[in-house]
Each structure stands twice: as structure tokens, then as C-alpha cells.
1. From the list ILE92, ILE106, ILE79, exactly one residue is among the β-branched types (Val, Ile, Thr), closer than 15 Å to THR53 by Cα and under 11 Å from the mean Cα position of the chain (by Cα). Which is it?
2. I'd like to verify a number: residues in the stretch 93-133 that are surrounded by 15 or more Cβ atoms within 10 Å (Cβ to Cβ), closer than 21 Å to SER70 by Cβ and among the polar types (S, T, N, Q), how many?
3. Just one of (1) out of contact with any helix residue (DSSP H, G or I) (no Cβ under 7 Å at 6 or more places or on another chain); (2) crowded, with 18+ Cβ neighbours inside 10 Å; (3) more than 23 Å from GLU31 (Cα to Cα) trips up ILE79, so point out which.
4. For the condition out of contact with any Lys or Arg (no Cβ under 9 Å at 6 or more places or on another chain) and in contact (Cβ under 8 Å) with a residue 12 or more places away in the chain, what is the one hit in GLU129, GLU94, GLU109?
5. Residues SER24, SER58: which one is at pLDDT 90 or above, of a type in the set (Ser, Thr, Tyr) and either over 23 Å from SER121 (Cα atoms) or surrounded by 13 or more Cβ atoms within 10 Å (Cβ to Cβ) (or both)?
6. So GLN60 passes all but one of these: (1) in a helix (DSSP H, G or I); (2) touching a Lys or Arg at 6+ places or on another chain (Cβ under 6 Å). Which condition number does it fail?
7. Looking for whichever is modelled with pLDDT of 95 or more, in a loop (DSSP other than H, G, I, E, B) and not aromatic (Phe, Trp, Tyr) here; the options are ILE92, ILE79, ILE106, ILE98. Which one fits?
8. So, of the residues in the stretch 27-53 that are surrounded by fewer than 17 Cβ atoms within 10 Å (Cβ to Cβ) and either in contact with a Ser or Thr (Cβ under 8 Å, 6 or more places away or on another chain) or polar (S, T, N, Q) (or both), which turns out to be nearest to ALA124 (Cα to Cα)?
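The values are calculated or read from the model by the stated rules, or taken from the named source; none is laboratory data. Remember, it's a predicted structure, so these values are computed and weren't measured experimentally. Using ideal geometry, Cβ is built from the backbone for each residue, glycine included, and neighbour counts are taken over all protein chains shown.
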Amino acid sequence: MPDFARLKNLFRNHEPPEASRPESMPVLRDESDWKKLLQLSNEQPVVLFKHSTRCDISDQVLKEFQDFTSRNESITYGIVNVVEDRRLSNSIAEEMRIQHQSPQAIVIENEQPVWHASHWSINAKELEEAVLR
């Protein structure tokens, strides 16, 4: 019989790979960060990216998101690391009335979601069309 407590600690202490830690990107840490991003959506569209630091798909989609943001530097966006900030992620899902998924991208205008996608449906071209329409 496996020692589940030991396995649980292995996962808890797991450091995500470097590629899945978007330190150079604006990571939302709490409700006040989220509210600031939401407020900015009254001036221009903003993009929220929900990222799982424990998911290979999310790592791949994060690269696509980074490609999008590097080509569109005027776009305002934020990232929520859903494993580390689960409460914030759940709060956003409830407020936006969009079922949580990760990876997930949500375009917000005037504090309302106007487009969202998850997993492989997130790509630079779709994001550009959603934001720049």
C-alpha cells in the first residue's frame, strides 16, 4: 500500500518547471490585483490568463500567450496561477460566471467577459481577434 502522506508531500513540495513560472509577467496575487485589472477593462479590453503550474498543456499554451503579449505590447493582461492562488481563481470564475478551467483565457471589457477559451483553443491568432475586434 503506498504511503499517501509521503506522496502528498512530494506534490506539495514540487517546484514547477522554469517554463511554467511566468515571473516576468503580471501575476495577480490577490483580490486587489484582480480588481485593478477589472477596473482597467473600463478603459480598454484586458486579458486574464489562468495558468496551471502543474499542467503540461498549460505550459504549452502559456508559450502561445507569451507570443501574443510580446506581439501586442499595448494589451493589458494579468495571470492567475491557479494552483498557488486557487481561492482567487475560484472567486474570478464565480464573478465572471465562467466555469473554471486551466489553461483559460478571458477577454474582459467594461468589467464583463466578452470572450473566453480554454486549452488548445487558446492561440495568438484567436486572442488577437478577440481583443482587437
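1. Details: ILE92 fails: closer than 15 Å to THR53 by Cα; ILE106 fails: closer than 15 Å to THR53 by Cα.
Result of the check over ILE92, ILE106, ILE79: ILE79.
2. Number satisfying all stated conditions: 2.
3. If we test ILE79 against (1) out of contact with any helix residue (DSSP H, G or I) (no Cβ under 7 Å at 6 or more places or on another chain); (2) crowded, with 18+ Cβ neighbours inside 10 Å; (3) more than 23 Å from GLU31 (Cα to Cα), just (3) comes out false.
4. Numbers: GLU129 fails: in contact (Cβ under 8 Å) with a residue 12 or more places away in the chain; GLU94 fails: in contact (Cβ under 8 Å) with a residue 12 or more places away in the chain.
Checking each option against the conditions leaves just GLU109.
5. Result: SER58 is the single residue among SER24, SER58 that is at pLDDT 90 or above, of a type in the set (Ser, Thr, Tyr) and either over 23 Å from SER121 (Cα atoms) or surrounded by 13 or more Cβ atoms within 10 Å (Cβ to Cβ) (or both).
6. (2)
7. ILE98
8. Within the stretch 27-53, the first condition is being surrounded by fewer than 17 Cβ atoms within 10 Å (Cβ to Cβ), and the residues that meet it are 29-33, 35-36, 39-40, 42-44.
The next check asks that each one be either in contact with a Ser or Thr (Cβ under 8 Å, 6 or more places away or on another chain) or polar (S, T, N, Q) (or both); those that pass are 31-32, 39-40, 42, 44.
Numbers: GLU31: 27, SER32: 28, GLN39: 24, LEU40: 22, ASN42: 23, GLN44: 18 Å.
Result: GLN44.
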